[in-house]
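A quick write-up on the structure given underneath.
The values are calculated or read from the model by the stated rules, or taken from the named source; none is laboratory data. Quick caveat: nothing in here was measured; it's all calculated off a predicted structure. Cβ atoms come from the backbone with ideal geometry, glycine included; neighbour counts cover every protein chain shown.
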Amino acid sequence: MTAMSVQGGSVAIIIASALLRRGQDDRPDGEIVKAVLRGGVEAYRVLVHRYERRVYAVARGMLRSHDEADEVAQEAFVRAYQSLHTFDTSRAFFPWLCRITVNLAITLSQQRDRRGSDSLDEYERRAGHEAPADDDPSRVAEQRELEAAVGRALSELPDGMREVFILRTFDDLSYQEISEVLGLPKGTVMSRLARARERVRDRLGPFLETARGSDAEAGR
């Protein structure tokens with residue numbers, strides 16, 4: 001049985017176990033992919049180790065929900081495995097994997113929008129679901145309010161701007177990597193990012209002013 005004939009359930013088991021077992025493997029991504037394609041299914045565990053956190057971060061930034069981000073991240077690794085034979089081993093693996101993640105997150109977000117559940121109130125609820133590690137109730141409230149505002153700002157960005165902003169801000173991808181992930185010219189990526197930053201900055205203006213005022217007060 002070759003690696004590509006392994007069923008999705010087997011891949012899911014590999015991915016799940018990869019989250020529990022850590023190992024060192026310094027081989028380039030392309031070599032690992034070749035090993036998997038030759039039948040070394042276990043080698044795929046290395047790629048899961050290497051990119052699980054970054055994939056989750058991308059999904060979480062787009063979906064603002066831990067459960068949905070976790071679901072998308074795991075599905076992204078399964079989809080990537082199933083399409084591994086199409087990957088160009090001379091190129092970087094993460095942008096390719098990231099594109100799969102982004103597409104899955106967009107699909108899930110659109111499905112949620114059609115159900116009418118992706119309202120601003122829902123963003124506020126999610127943002128406040130996990131309380132900050134702070135004993136000061138006022139600071140906890142401020143942090144939750146800021147997180148909800150960030151969620152609203154992201155939700156109000158047009159889809160094209162939102163993906164660019166998240167990939168640059170949350171995952172620190174280069175312009176070239178974002179260009180590869182989204183299939184956009186580099187100039188388009190840069191212009192969309194500039195507009196997205198301006199919109200987010202305007203939306204968060206009151207919170208930024210409050211933070212500056214608090215810092216100034218603390219420095220007195």
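Things worth noting here:
- In the set (1) at negative phi; (2) in contact with a Lys or Arg (Cβ under 7 Å, 6 or more places away or on another chain), Ala35 fails one condition alone, (2).
- Screening Leu104 against (1) without any contact (Cβ under 8 Å) to a residue 12 or more places away in the chain; (2) closer than 17 Å to Arg54 by Cβ leaves a single unmet condition, (1).
- Just one of the listed residues (Arg126, Arg162) is in contact with a Lys or Arg (Cβ under 8 Å, 6 or more places away or on another chain), within 18 Å of Ser65 (Cβ to Cβ) and either at pLDDT 80 or above or of a type in the set (D, E, K, R) (or both), and it is Arg126.
- Segment 57-70, residues that are touching a helix residue (DSSP H, G or I) at 6+ places or on another chain (Cβ under 8 Å) and surrounded by fewer than 16 Cβ atoms within 10 Å (Cβ to Cβ): His66, Asp70
Listed here are the residues, each with its yes/no results for (1) of a type in the set (Ser, Thr, Tyr); (2) part of a helix (DSSP H, G or I); (3) modelled with pLDDT under 80.
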| position | (1), (2), (3) |
| --- | --- |
| Val11 | no, yes, yes |
| Ile15 | no, yes, yes |
| Ile32 | no, yes, no |
| Ala43 | no, yes, no |
| Met62 | no, yes, no |
| Trp96 | no, yes, no |
| Ser117 | yes, no, yes |
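- All positions within segment 32-56 that are closer than 25 Å to Arg168 by Cα and surrounded by fewer than 19 Cβ atoms within 10 Å (Cβ to Cβ): His49, Arg50, Glu52, Arg53, Arg54, Tyr56
- Restricting attention to segment 156-166 and to residues that are touching a residue at least 40 places away in the same chain (Cβ under 8 Å) and surrounded by fewer than 17 Cβ atoms within 10 Å (Cβ to Cβ), the residue that is nearest to Asp202 (Cα to Cα) turns out to be Glu156.
- Screening segment 77-93 for residues that are closer than 16 Å to Val36 by Cβ and among the hydrophobic types (A, V, I, L, M, F, W, C) and picking the one that is surrounded by the most Cβ atoms within 10 Å (Cβ to Cβ) gives Ala80.
- You will find that of Arg144, Arg139, Arg192, Arg152, the residue that is out of contact with any strand residue (DSSP E or B) (no Cβ under 6 Å at 6 or more places or on another chain), modelled with pLDDT of 85 or more and charged (D, E, K, R) is Arg192 and no other.
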